[in-house]
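Okay, structure first, notes after.
The values are calculated or read from the model by the stated rules, or taken from the named source; none is laboratory data. Since the structure is predicted, the reported quantities are computational estimates derived from the model, not experimental observations. No Cβ is skipped: glycine too gets one built from the backbone with ideal geometry, and neighbour counts run over all protein chains shown.
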């Protein structure tokens, strides 16, 4: 054999070996399909074989988003452990966190939060995960999201906050009553109106949601009393609606009142709870 022939045979040897043994690399899209089916064992096998953990299927869907849509927690855990990017969004602007806001799977949310998702991500309606969870009446999901730093007052493309959606799209029953209370306790601004200038309280009264209206009216009253109660010479403290004192200075070392219903103290309590 000539030297040139030998070198040519040497170069083709790996290809011949692959042809004989078959190409074991995962087929494109196979990881997304396994994740969508909830086949965690196959997901792990494909990842071990070199599948791209962030591969994109039709519509830009990633494996971890496919797992979230099917509420396949084990498959999502395997993908997140392998470094899946939970912030990637498909053409419908879905990603695992935003999907959790719609499916309201707290178990899935726990896995997604391990990957430190972008809490400011928005869905096709311009809303954060908190907004659909609120309008669908999923109390546990709303409470879980409120334990994060998600913006309780984010306004979506419809000019609605989570509080507005809980009233406008809710049914006024116990789940939505609890959600409104949770949002208010987390410091939601009850005075943010919709695009027509209608506040959550006005919407609640129009719909006859008496318990929700009472919650919102009490919060609005606390805000008014707090705003009107500033007393000169008190070092930035003012009496709150609950009859106690809270700090309203720009910088304070004083803990928020446990009973105060003003938005500043409600938000401070939420921050303290996240840090505990």
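Here are a few things to note about the model shown:
- Selected residue [surrounded by 24 or more Cβ atoms within 10 Å (Cβ to Cβ), more than 27 Å from residue 191 (Cα to Cα) and free of Cβ contacts under 8 Å to residues at least 24 places away in the same chain] from 109, 46: 46
- Selection within region 99-115 - within 17 Å of residue 130 (Cβ to Cβ), at pLDDT 95 or above and either part of a loop (DSSP other than H, G, I, E, B) or within 10 Å of the chain's Cα centre (by Cα) (or both): 99, 100, 101, 102, 105, 109, 112, 113
- Some residue of region 192-214 being in contact (Cβ under 8 Å) with a residue 12 or more places away in the chain and under 14 Å from residue 266 (Cβ atoms): no
- Some residue of region 160-169 being surrounded by fewer than 22 Cβ atoms within 10 Å (Cβ to Cβ) and more than 13 Å from residue 134 (Cβ to Cβ): no
- Hey, residue 222 surrounded by 18 or more Cβ atoms within 10 Å (Cβ to Cβ), in contact with a helix residue (DSSP H, G or I) (Cβ under 6 Å, 6 or more places away or on another chain), farther than 26 Å from residue 128 by Cα and modelled with pLDDT under 90 or not: no
- Looking only at residues of region 173-186 that are crowded, with 21+ Cβ neighbours inside 10 Å and in contact (Cβ under 8 Å) with a residue 60 or more places away in the chain, we find that the one that is nearest to residue 265 (Cα to Cα) is 186.
Yes/no matrix, rows are residues, columns are (1) under 18 Å from residue 119 (Cα atoms); (2) assigned to a loop (DSSP other than H, G, I, E, B):
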position	(1), (2)
25	no, yes
31	no, no
41	no, no
56	no, yes
64	yes, no
74	no, no
78	no, no
92	yes, yes
97	yes, no
